[in-house]
1. Applying the selection to region 180-214, what residues are surrounded by 16 or more Cβ atoms within 10 Å (Cβ to Cβ) and either outside the structural domain of I141 (by TED's automatic domain parsing) or of a type in the set (V, I, T) (or both)?
2. Restricting the first residue to region 179-197 and requiring it to be under 16 Å from A145 (Cα atoms), which pairs with a second residue that is β-branched (V, I, T) meet a Cβ separation below 6 Å and a spacing of at least six or different chains?
3. Scan region 141-150 and give yes if some residue there is β-branched (V, I, T), modelled with pLDDT of 95 or more and either within 15 Å of the ligand (Cβ to nearest atom) or closer than 21 Å to F234 by Cβ (or both), otherwise no.
4. Are there any pairs, at least 6 apart or on different chains, whose C-beta atoms fall under 9 Å, with the first in region 336-361 and under 14 Å from T287 (Cβ atoms) and free of Cβ contacts under 8 Å to residues at least 24 places away in the same chain and the second assigned to a loop (DSSP other than H, G, I, E, B) and charged (D, E, K, R), and if so, which?
5. Name the strands (runs of 3 or more DSSP E) wholly inside region 289-342 in which the number of residues that are in contact with a His (Cβ under 9 Å, 6 or more places away or on another chain) and of a type in the set (D, E) is 3 or more.
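The values are calculated or read from the model by the stated rules, or taken from the named source; none is laboratory data. Predicted model only: the values in this text are computed from it and were never measured. All Cβ positions, glycine included, derive from the backbone under ideal geometry; neighbour counts span all protein chains shown.
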Amino acid sequence: MKHISGNRYLRKQGNILYLDNIEVEKILKSSKTPLLVFLEARIRDNIRTFKSVAERIFKSPSVFYSFKANYLNDICKIIKSEGIGAELVSLPELHLALSLGFPTNKIIAGGPYLDNKFIEQCIINNIEEIVVHTIKDIERINEIAKNHNKIQNLCLRINSQKYDTKLGTKLLVQELKQIKLYQRKCTNIQFRTILSHYSTQMNNVNQFSKNAEILIDAFNKLYNYDVEIKNINFGGGFPEAAIMPKSQLELVFSRLHKILNDEGIEYEKIYFEPGRFLVGDAGIFITEIVNKTEDRWIFLNVGNNICPKFSRSSFRFYNASKIDHPHKYKTSIAGIIPTDQDVLAKNYFFNNDIEIGDKVLITNVGAYTLTFSNRFPYELPSILLVNGLKISKIFDPKRDHDFSLKPFPS
Ligand SMILES: Cc1ncc(COP(=O)(O)O)c(C=O)c1O
C-alpha cells in the first residue's frame, strides 16, 4: 500500500483509498460530501513523536497544546488523554479545558486580551501561568490575585522583533525598569517564564534559532534587572507533522538545546506550545467536484468559508475517485463561495480526466481551518472521527447546529 500526502493513515491500494483502516467509499455510503474527517491515531502519533523527541533532547520539557489550532471537544479530549497540557487564549477555551479535566498545573493561559473575568478564573482555578503581552496588565493581575489571596505565576511574552509585530514586550529600558518595579511592589505575582512565538509553518532551523536568540537576549536583560526567569517557552510554529519529519524536529530541538547550552543559560523547564504539528495532518476534507471549465478549473463544494487559506495550512488535493491516476496535470481549484476570489489552488498537479461528481480529498486541514472559518451561509459539514475501523460522528450540523465554544458560565 502506498501512503498519500506523507501520512501513514492515508493509503491507497490500486484505486481503493483508505482513511486509517476504512475505505473512503464505505464512509461515503453513510455520509454525503463535504465531510471533514479526523484521524485519531494520527493525532496520538504526532503527540508521541513530539513528546519523545523533546524528552530525548531536553531535561524536562513541557508540551502545551495550543487549543486555538482546533478546539473541537473530541479533539481536545484525545490531546488530554495523551497527558500533555493546554495553552489557552480565552475564557471559553478555559471552560473547555477545565470541563475536560486538564490538570490546572498543565494549563497556561493569556494573550493580548486579558479581561478581568478571564484573569480571575485563571487565578481561582490555580492556572499554572498567565501569559502577559502588555506590561500594564501586570498590576491588574496582581490586584485580582491579591483579592483572592493567591500568588500567580506569570509568563512574559517577548516581542520577536520580526517585521513590525506588535505582540509582546520589546523589553526597552523603560519596560525593564517597570518590570523590576512590579517585581518589588506587586507581591501577588511572580515572574517565572518568558515566551517568544516566532512565526507559523517554520520549516527552517534558522527561524527557531532566531527565536532562541531573542529569548536568550530577554533572559539576560531581565537578569540584569534582577528578574530571574526560570522557564523558557519557545511557543509553537511547527509545520504539520507530514511536512516536518521527525529528523527535522530532532534537528530543531538539538539546535535549540545547543544554543541554550552554549550561552550558559540556566533554566528549569523548557516549554513548547505546538498546535498545527499535533492536529494539522489529522484532518482531511472529502469534497466533490461540482463544476469544471474547459481551461481546467474545477469547482469544489467547499471553499475558503470552511477551508480558508488564512489558516496557512499545507493543503494538498487528490482525486479520490481516480486515486490511481497520475496527478501531473495542472489544474486550478475554486471553492463554493460565489466570488472569483474563492481560489483554493492555482495550477495544482491533479489528474487528467476530471468529471463532475469526482470526490476530492484535501489533506492537512486539521489546524486553524475551523478556527478561521466564517459564517458564509452554507450548511456546515459533518465531522467524523475515525480510529482503526471505528467511525463516530463528532459534529452533526443538524444536531449540533454550530461548533463554536460555549461561554464560561457566570
Ligand atoms: C503564543 C502562541 N503559541 C502557540 C501557537 C501555536 O502555533 P502553531 O499552531 O503554529 O504551532 C501560537 C499560534 O499562533 C501562538 O501565538
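1. Once the filter is applied, which keeps residues that are surrounded by 16 or more Cβ atoms within 10 Å (Cβ to Cβ) and either outside the structural domain of I141 (by TED's automatic domain parsing) or of a type in the set (V, I, T) (or both), region 180-214 yields I189, T193, I194, T200, I214.
2. Taking only residues 6 or more apart or on different chains, the pairs are Y182/I138; Q183/V227; N188/I151; I189/I141; Q190/I151; F191/V227.
3. Start the filter on region 141-150 by keeping residues that are β-branched (V, I, T), which leaves 141, 144.
The next check asks that each one be modelled with pLDDT of 95 or more; those that pass are 141, 144.
Cutting the leftovers down to either within 15 Å of the ligand (Cβ to nearest atom) or closer than 21 Å to F234 by Cβ (or both) gives us none.
No, every residue in region 141-150 fails to be β-branched (V, I, T), modelled with pLDDT of 95 or more and either within 15 Å of the ligand (Cβ to nearest atom) or closer than 21 Å to F234 by Cβ (or both).
4. Pairs that qualify, where the first residue is under 14 Å from T287 (Cβ atoms) and free of Cβ contacts under 8 Å to residues at least 24 places away in the same chain and the partner is assigned to a loop (DSSP other than H, G, I, E, B) and charged (D, E, K, R): there are none.
5. Ranges flagged: none.
Per-residue answers, yes or no, for (1) under 25 Å from the mean Cα position of the chain (by Cα); (2) within 14 Å of the ligand (Cβ to nearest atom):
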position: I232; (1), (2): yes, yes
position: G237; (1), (2): yes, yes
position: Q248; (1), (2): yes, no
position: S254; (1), (2): yes, no
position: E266; (1), (2): no, no
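Yes/no per residue for (1) modelled with pLDDT of 95 or more; (2) assigned to a loop (DSSP other than H, G, I, E, B); (3) over 30 Å from N70 (Cβ atoms); (4) of a type in the set (S, T, Y):
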position: A212; (1), (2), (3), (4): yes, no, no, no
position: N220; (1), (2), (3), (4): yes, no, yes, no
position: D226; (1), (2), (3), (4): yes, yes, yes, no
position: I232; (1), (2), (3), (4): yes, no, no, no
position: G237; (1), (2), (3), (4): yes, yes, no, no
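Here is a yes/no grid of residues against (1) crowded, with 19+ Cβ neighbours inside 10 Å; (2) among the hydroxyl-bearing types (S, T, Y):
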{"site": "K359", "(1), (2)": "yes, no"}
{"site": "T371", "(1), (2)": "no, yes"}
{"site": "R375", "(1), (2)": "no, no"}
{"site": "I383", "(1), (2)": "yes, no"}
{"site": "L389", "(1), (2)": "no, no"}
